[in-house]
Structures are given as C-alpha cells and as structure tokens.
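No value in this document is a laboratory result; all are computed from the given coordinates. Here the structure is a predicted model, which means the values were calculated and not measured. Cβ placement follows ideal geometry from the backbone for every residue including glycine, while neighbour counts extend to all protein chains displayed.
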Amino acid sequence: MCNLYSQTKSQDAMRHVFDGMLEAGEELVDETGNLPAMSGIWPDYPAPIIRHGDGGAHGGQSGGQSGRWRLTMARWGMPTPENFLQGRKTDKGVTNIRNLASPHWRRWLGPEHRCLVPFTSFSEIDSRPGAPRNSPVWFALGEDRPLGFFAGLRTRWTSVRKLKEGEVTAELFAFLTCPPNAEVGPVHPKAMPVILTRPEEWRQWLTAPTAEALKLQRPLPDGRLRIVAEGVREDAA
C-alpha cells in the first residue's frame with residue numbers, strides 16, 4: 001500500500017488547477033500558510049487537502065459560507081478500527097482505505113467527509129523479482145510530475161497519536177485504494193491509490209451522493225502512469 005508520496009507544486013498551482021471545478025459563486029480559501037514543496041510525505045505528516053467549508057456538505061451552505069472550499073492541512077492517517085487498537089496506547093492511523101463496506105468507514109462516506117489529496121508522485125515498495133528490499137518505486141502522471149488528486153476521506157478526531165504528544169484533536173485524512181493498473185501491478189500487485197485527474201471527477205467525488213461517488217473507486221486507466229524514480233526516499237522533481 002502507498003505509505004509515501006510527494007506534493008511539490010506551489011499553492012498557486014493547486015488553487016488554479018482546482019479552478020476548473022468551481023462553479024459560479026464558489027471560491028477556494030487557502031488556509032495552509034507558506035507551504036513548502038513536500039518531496040516525501042510519510043504517515044502522520046501534515047499535508048494539504050481540499051475539503052468542504054464547515055457548516056454543510058456543499059461548501060458550507062448552512063453555515064453562512066455558501067460556495068466555499070478549503071485548502072487546508074491535515075495529518076495523514078484516519079482513526080484505526082477499535083478492534084485493531086486493543087492493548088495499544090497510541091493510534092497511528094490508517095493511511096489507505098479499501099473496504100468501504102466496513103461500518104467503521106461508512107460513517108465517513110458522506111460528502112462532508114470527502115476530500116481531495118493533491119500529489120505529484122507516489123511510491124510503492126518494489127516486489128518485482130530481484131528487487132532490493134524495501135526499495136521505493138515512484139509513479140507519476142508524467143515526467144514533469146503534473147498535479148493529480150487522490151480520492152480521500154477526512155474527519156476531526158481526538159486521540160493519542162504519539163505518547164509524547166498526549167491526547168490531541170486533529171484534522172485527519174486518508175485516501176482510497178483499488179486494484180492496481182498495468183503500470184503499478186508488476187511493482188505492487190495488491191493495490192494502488194484511487195487517482196482522479198479531471199474536474200468532473202473531482203466534483204463527483206466531493207459532491208455526489210455516496211453510491212455515485214463510490215463508482216470512482218477504480219484503477220486509473222492503463223497507460224496513464226509512468227515510473228519516474230526508483231530506490232530513493234524522496235521525489236523532489
């Protein structure tokens with residue numbers, strides 16, 4: 001599963017690529033501050049997501065923020081199902097979500113809990129014959145690392161992520177996975193992230209009824225990804 005990705009485009013690039021999804025009267029509010037390029041994002045790291053404004057499922061309709069979307073920061077890792085936390089003092093979070101029939105995840109499938117996770121590349125551990133142990137293989141939508149989005153879920157949650165922190169309330173996210181396509185399969189045959197590349201897909205994921213939105217949990221068509229780096233822990237390109 002994907003436990004390392006990068007996002008190296010500027011905030012301006014993230015805002016403007018999202019312009020293609022906005023309808024009349026809508027805006028994207030940037031709350032991320034001065035965001036540097038992130039060449040290696042690991043579990044529990046803070047990373048940017050695009051989500052609904054507070055107060056409603058569609059840009060905060062009922063909260064006086066009609067048409068508002070948020071580019072904000074969240075920690076990578078949704079709450080872990082309780083049966084996996086027995087005897088543990090911390091919850092480090094779940095980064096990749098596959099089984100959406102689980103009651104644990106169904107509570108977060110409504111539009112108000114969906115988000116888009118910007119990325120420029122992601123890695124999977126190489127399982128090809130003869131590959132070095134724990135060697136990352138980086139995939140992107142092109143050599144120039146164009147911006148794409150993972151289909152994500154988010155929530156605000158109180159838990160102990162690290163013992164030294166104690167109990168914290170934080171914005172959390174994870175993204176969906178699906179069977180791999182032709183490019184990812186030889187490297188990681190179990191799964192790949194759900195990747196959305198078109199404005200109509202972004203809007204469907206963020207606003208559609210659940211059954212319609214979940215139709216997007218599918219592999220990216222074959223031929224859309226390419227290997228852009230191997231054996232490195234960051235992709236700074």
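With the highest mean first, a sort of the peptides 182-192, 32-42 on other beta-carbon atoms found within 10 angstrom per residue produces 182-192, 32-42. Neighbours of residue 203, meaning other residues whose beta-carbon lies under 14 angstrom from its beta-carbon, give a summed charge of -2 when Lys and Arg score +1 and Asp and Glu score -1. Positive contributions from Lys and Arg (+1) and negative ones from Asp and Glu (-1), summed over other residues with Cβ under 14 Å from the Cβ of residue 235, come out at -1. Most tightly packed first, judged by the mean number of other beta-carbon atoms within 10 Å of their residues, the peptides 204-217, 118-131, 99-112 read 118-131, 204-217, 99-112. Largest mean-square fluctuation among 172, 163, 220, in a Gaussian network model of the chain whose springs join Cα atoms under 10 Å apart, belongs to 163. Secondary-structure-derived ellipticity at 222 nm for the chain, considering helices only, amounts to -2500 deg cm²/dmol, per-run term -39500 (n - 2.57) for DSSP H runs with n ≥ 4. Straight Cα distances below 12 angstrom link residue 215 to the aspartates and glutamates 201, with same-chain residues fewer than 8 positions distant left out. For the chain, a Gaussian network of Cα nodes joined below 10 Å ranks 202, 157, 76 by mean-square fluctuation, and the top entry is 157. Each of 178, 2 has some number of other Cβ atoms within 10 Å of its Cβ, and from fewest to most they run 178, 2.
Short-range pairs are left out: with C-alpha atoms under 8 Å and at least six residues apart, the relative contact order of region 5-230 is 20 percent.
For residue 154, what charge total do you get from the other residues with a beta carbon under 14 Å from its beta carbon, if Lys and Arg give +1 and Asp and Glu give -1?
Taking every Cβ under 14 Å from that of residue 154, the sum is +2.
For a straight C-alpha distance cut-off of 19 angstrom, the aspartates and glutamates reachable from residue 92 (same-chain residues fewer than eight places away being disregarded) are 44, 82, 165, 167, 171. For region 146-194, the residue among 189, 170, 152 whose Cα projects farthest onto the positive side of the dipole built from Cβ charges is 170.
Annotation for residue 218 and residue 182: the two label points, set 7 Å from Cα along the Cα-Cβ direction, are 1.7 nm apart.
Report the extension gain between residue 144 and residue 211 in nm, rounded to one decimal, defined as 0.36 nm multiplied by the number of residues separating them, less their alpha carbon distance. Please list the in-between numbers first.
Working: separation 67, 0.36 × 67 = 24.12 nm, distance 3.42 nm.
Separation in residues times 0.36 nm, less the Cα-Cα distance, equals 20.7 nm.
When +1 charges are put on Lys and Arg Cβ atoms and -1 charges on Asp and Glu Cβ atoms, the dipole computed for the chain relative to its Cα centre reaches about 800 debye.
Any chance you could tell me what percent of the C-alpha pair distances in region 5-230 go past 31 Å? Mind dumping the intermediate values first?
Numbers: 4942 of 25425 pairs.
Result: 19 percent of Cα pairs exceed 31 Å.
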